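Beneath this line is the structure, given in structure tokens, with notes to follow.
Just so it is clear, none of the values below were taken in a lab; they were calculated from the coordinates. Since the structure is predicted, the reported quantities are computational estimates derived from the model, not experimental observations. When we count neighbours, we look across all protein chains shown, and the Cβ atoms used for this are built from the backbone with ideal geometry, even at glycine.
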Amino acid sequence: MKTNLEAEKIVEEKVGEGPDEIADALKATNENQEIQDLAAKNTELEKTASELKDAILREKAETENLRKRYIKEMEDVSKYAITGFAKDIVEILENLYRAESYVVTGQTGEAMLEGMRMTLKSCTDIFKKYNIERLYPKGEHFDPSYHQAMSYAVSSEYEPNTIVEVIQAGYTISGRLLRPALVILSKAEEGN
């Protein structure tokens, strides 16, 4: 709204004109002021909208950067998760290379057997460290969750579906099957 001084100025300019003209002039001046006020408010709102848009774009960029960083970290975890295991298994490989050198140089017998025992102990120690357990179920009842039957053998020594021979040991890691034990099961003699 116009101040009293501005209104008086308009009235002085319109002296000699009728009250309707003065009222129209005051009304037009008030409308102009309202338009200016609305324009100023519009400019302020546009500035606020621009600032909010910038903030949203920055947050979106930050979110995208976090997503990319997370993907990279997950890829690294996937690639290098077995680093500790790999370092430990290298020891076994080196023991096998040493055992091979004994054979190549003609040193067999006790030295070779000792090397094999050291390698086997290293391997079993590493498996324990990583909760890897060997399944060698000879004499146990068949469990399809951990064993894979390869054939049957007639046996009076074992109950039917008992493992009489292990073709290949199975392995678990923290209770989860890595590979099943390949086994031969007993079956009753025909006619019994």
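Based on the reciprocal of the average 1/r between different C-alpha atoms, the Kirkwood radius for the range 133-192 equals 11.5 Å. Remark: the residue 151-residue 48 segment gains 29.2 nm on full extension, using 0.36 nm per residue and subtracting the alpha carbon distance. Entry note, the range 58-192: relative contact order of 20 percent, from Cα contacts under 8 Å with a spacing of 6+ residues.
Give me the net charge of residue 99's neighbourhood, meaning all other residues with Cβ under 11 Å from the Cβ of residue 99; Lys, Arg count +1, Asp, Glu -1.
Details: positive: 98, 117; negative: 94, 100, 114.
Computed value for this residue: -1.
Ordering 101, 122, 174 by the number of other Cβ atoms within 10 Å of each residue's own Cβ, fewest first, gives 174, 101, 122.
How charged is the neighbourhood of residue 58? Take every other residue with its Cβ under 12 Å from the Cβ of residue 58, and add Lys/Arg as +1 and Asp/Glu as -1.
Values: positive: 53, 60; negative: 51, 54, 59, 62, 64.
Local net charge: -3.
Separation of the alpha carbons by more than 27 angstrom is noted, of 53/79; 79/138; 68/128; 79/128, for 53/79; 79/138; 68/128. Take the Kirkwood radius over Cα pairs of the range 82-130, plug it into Stokes-Einstein at 37 °C and 0.692 mPa s, and you get 292 µm²/s for translational diffusion.
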